[in-house]
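The values are calculated or read from the model by the stated rules, or taken from the named source; none is laboratory data. Since this is a predicted model, take the numbers as computed values, not measurements. Please note: Cβ atoms are built from the backbone with ideal geometry, for glycine as well, and neighbour counts cover all protein chains shown. Note: accessible area is taken over every heavy atom of the protein model, side chains too, but ligands, DNA and RNA are not part of it. Shrake-Rupley method; radii C 1.70, N 1.55, O 1.52, S 1.80 Å.
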Amino acid sequence: METALEDVAFLANSENRVAVLEFLVEAPHSHDEIRDRIGASRVTTARILREFEARNWIARSGQECTVTPTGEWVCDELTRLVGEMEAERRLREPLQWLPSDLLTFDVRRLRDAELVVLEESDATAIVRRILEFRRSGDRIRGVTRTVAPEFIENDWKSTVHGDTHLEMVITPDVLDAIRTHSTSAKQLREMLEETDVHVSVFDDVPISVGIVDGAVGIDLTDEQGVVKGGFVTEDEAVYEWAVDLFEACRDEANPVDPDEVAADHSVGANPAQSRERDGPAS
């Protein structure tokens, strides 16, 4: 007697069987219509229909075949399973770059997230997406382990020359990188003089995560710390996780004083190298 797994394999191992079942869920069809639809021989089509009829997935009356309630149930569940596996395949590689010990939400909440991938053919594409993300709202919060002059300039324009509210927790390395780039240092000092800008430093920022209004951007980094891409999502559970992470780091962080951001000209920052490491949350 066949097991449930053998029934699953029976369907999954044949695209023709799946196609026939889906075709009959749409409406009853004749043997010849089914054969033409799947492009199989008359013998193959007849065998599939016999196997379906033996499982009570279809009923036949002369040449016409009709799906049964059981057959429709099986087709619905197979479609759902295939959809889940397609979502898992899309997220399989990106999720290996997201530390599982940091997650308090079900990773399936990311199934509909926008996936931003670093492309060798267009290295600036991810930078453009980051800037677009940061410009998409009036309130920016987040924690970050990386920085690039483009993003400091963008935040400077949106705060000093705009009305964006900014709260960021950065690492000491990020603060040092800003200080070694004279323009970024000047812009950060001016930002810190704004009442709606709050930047603080915390040693143990575990991952770069940005929150723009109700949307969340999460950096995905490999073992070398190089950002490979990121997620952008408005999922409520992910948003709550991001806010909790931000607030936990902020509560342990020390505010940055404008006097601490005096530019250090002894080291020249390399914008190209900084950009390579940044992702959607930066």
Legend entry - region 59-78 residues near the modelled Val25 label - backbone nitrogen below 11 Å, point 7 Å along Cα→Cβ: 71-78
Legend entry - Relative packing of peptides 38-45, 151-158 - highest average C-beta neighbours within 10 Å first: 151-158, 38-45
Inset, instruction - Return one number: the angle in degrees, 0 to 90 and rounded to the nearest 10, between the long axis of the Cα atoms of helix 149-159 and the longest principal axis of the Cα atoms of the chain. - result: 80
Inset, instruction - Match the structure shown to one of the listed values (1) 22.2; (2) 20.4; (3) 19.2 of Kirkwood radius over Cα pairs in Å, computed from it, and give that label. - result: (1)
Legend entry - Among Asp213, Asp244, Asp32, residue whose mean-square fluctuation peaks in a GNM of the chain (springs only between Cα atoms under 10 Å): Asp32
Inset, instruction - Mind pulling the angle between the C-alpha long axis of helix 69-95 and the longest principal axis of the chain? Nearest 10 degrees, somewhere in 0 to 90. - result: 30
Legend entry - Percent of beta bridges antiparallel (DSSP, the chain, rounded to nearest 5): 70
Legend entry - Whole-angstrom gap from region 174-199 to region 107-156, using each part's C-alpha centre: 19
Inset, instruction - Only bridges with both residues in region 155-250 count here: give the DSSP antiparallel percent, nearest 5. - result: 65
Inset, instruction - Express as a percent, rounded to the nearest 5, the fraction of DSSP beta bridges in region 29-181 (both residues included) that run antiparallel. - result: 55
Inset, instruction - Mind pulling the angle between the C-alpha long axis of helix 125-134 and the longest principal axis of the chain? Nearest 10 degrees, somewhere in 0 to 90. - result: 70
Legend entry - Point-charge dipole on Cβ atoms (K/R +1, D/E -1) for the chain, about Cα centre, debye to 20: 1100
Legend entry - Å² per residue, accessible surface of the chain at 1.4 Å: 54
